[in-house]
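The values are calculated or read from the model by the stated rules, or taken from the named source; none is laboratory data. None of the values given here were measured: they were computed from a predicted structure. Neighbour counts run over all protein chains shown; Cβ positions are idealised from the backbone, glycine included. Only protein heavy atoms, including side chains, enter the accessible area calculation; ligands, DNA and RNA are left aside. Shrake-Rupley method; radii C 1.70, N 1.55, O 1.52, S 1.80 Å.
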Amino acid sequence: MTWRQGLLIYWRTFVRVLSGMLEKPMWMMLLISLCLMSTVYANRTVWDLPVAVIDQDHSTASRLLTRDLDATSKIKTVAYDSIPEAQRDLGQRKLFAVVIMPVNLEKKILAGEAIVIPVYGDATNRLANGQIEQDVLTAYQSLLTQYNSQLLLSSGFSSRQASVLLTPMVGQTLDLFNPGISFAAIIFPGLLVMLLQHSLLIASVRVNIGLKSAPSGKPAIPAMLGGLSALIPIWLFLSIVLFVLWPWVLGYRQTASIGEIILLTFPFLLAVLGLGKLVTECLRSVEMIYLTLSFITMPVFYISGTIWPLQAMPAWVRAVSSMLPSTWATKAIAGVNQMGLPFSEVGGDMLMLLVLGGFYTALGIGLGLLRDSGRLRTLLQRKRPLRND
């Protein structure tokens, strides 16, 4: 086969597969699923979580603490008269926490005695529970500062002296690095990367199987490359929609241009196509491939480092995670587009994606040649122990 014949086969396969994908745009379902899944992050953070407050002291201190709690951005206080009623609503998920102002709260504060403010939280929701815990501590510290300041002023200290005694060091937070980054802003890119990876794996597997089952028999390498590369323009378009247009609609902070997003996504797509080639050669069955992909999607999302830091994982889990394209793509795209890293800082991640793509492609082609030639079956039969009839 001459290079002109190979180029012609490549181009015909490319046009045929691309036309088929455009005539039946099942990949558009990815955008629909994205809209449904990502709208939970439309508010970008949590606020006004209903928290029950049971005031058993009815003092100035308890009212001040309740006011400070309600003034925080995360908590919306709801007055309750009895503990059983509040606990029932907490169990029914109508409340996120229950705060009890104990009897003699103000007297104990003025006497300098130890104070215990019972707080019952819904620990099954760690994000909301952690935010409420921080706001309760902040409100309590604000109340103590007010009372200690009044005691110092009544003891003859000036306002300046009381301020220095209570807060000898004043902390100031400046948005110098990653301003405005929230929990949702970090989870969101990982979710989008996983959607791209899963959908492209399914599409590449379908193309591989379709080329192998063609009446002409085993496809030539140019035909295989043409069919797989026909998927790249569609998924580059999807990457622009997912990483540029949709975050803009939801109001997320973005620092990367469209050109940078394309450069970040391209090696990721190549790595996923290589992985799809390997998966196809390992299983060679549509049912087995779909079943396998449906089971591994969620574990891959968890070990990609999106919702749990890679440094906190066991070494063998990190090794598995480093072999997944989504791990490196999430790190690179979130770093440049959400965290403001310069493009040069993620060069190593992009290089790793190219290495993974080449490794998986070569491994898949090699495994396919072994299976087609019958050598793999021969090797397995040699290792199988002989039975005594």
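General remarks:
- Per-residue ³J(HN,Hα) for the stretch 328-337, Karplus 6.51 cos²θ - 1.76 cosθ + 1.60, θ = phi - 60°, Hz, x for Gly and Pro: 6, 5, 4, 4, 6, 5, 5, x, 7, 8
- A helix-only calculation puts the chain at -21000 deg cm²/dmol for mean residue ellipticity at 222 nm, using -39500 (n - 2.57) for each DSSP H run of at least four residues, averaged over all residues.
- Fluctuation leader among 347, 190, 364 - the chain, Gaussian network, Cα springs under 10 angstrom: 347
- Sequence-distant lysines (8 or more away, or on other chains) whose Cα lies within less than 18 Å of residue 212: 277
- Across the stretch 262-362, the volume of the C-alpha convex hull divided among the residues equals 107 Å³ per residue.
- For residue 341, the residues whose modelled amide H falls within less than 5 Å of its own, excluding neighbours fewer than 5 places apart on the same chain, are 336.
- Taking all Cα pairs closer than 8 Å and separated by 6 or more residues, the relative contact order of the stretch 15-150 comes to 25 percent.
- Identified option (computed percent of Cα pairs over 30 Å apart; candidates (1) 46; (2) 39; (3) 57): (3)
- Compared with the dominant Cα axis of the chain, that is its longest principal axis, helix 231-240 is turned about 20°.
- Extending 7 Å from the Cα toward the beta-carbon at both residue 344 and residue 125 defines two label points whose distance is 4.5 nm.
- Placing R0 at 35 angstrom, the Cβ-Cβ distance between residue 369 and residue 295 gives a FRET efficiency of 0.80 after rounding to 0.05.
- Model label sites at residue 93 and residue 2, defined 7 Å from Cα along the beta-carbon direction, differ in position by 6.8 nm.
- Of the solvent-accessible surface of the chain, computed with a 1.4 Å probe and all protein chains present, 63% belongs to carbon and sulfur.
- The residues of the chain have, on average, 57 Å² of accessible surface per residue, using a 1.4 Å probe with all protein chains present.
- Within the listed set 271, 319, 256, the residue fluctuating most in the Gaussian network model of the chain (springs between alpha-carbon atoms under 10 angstrom) is 319.
- Once the Cβ-Cβ distance of residue 63 and residue 37 is raised to the sixth power relative to R0 = 45 Å, the FRET efficiency obtained is 0.60.
- Segment residue 285-residue 137, extension gain: residue separation times 0.36 nm, minus the distance between their alpha carbons: 47.6 nm
- Relative contact order, whole percent, for the chain stands at 17, derived from Cα pairs under 8 Å and 6 or more residues apart.
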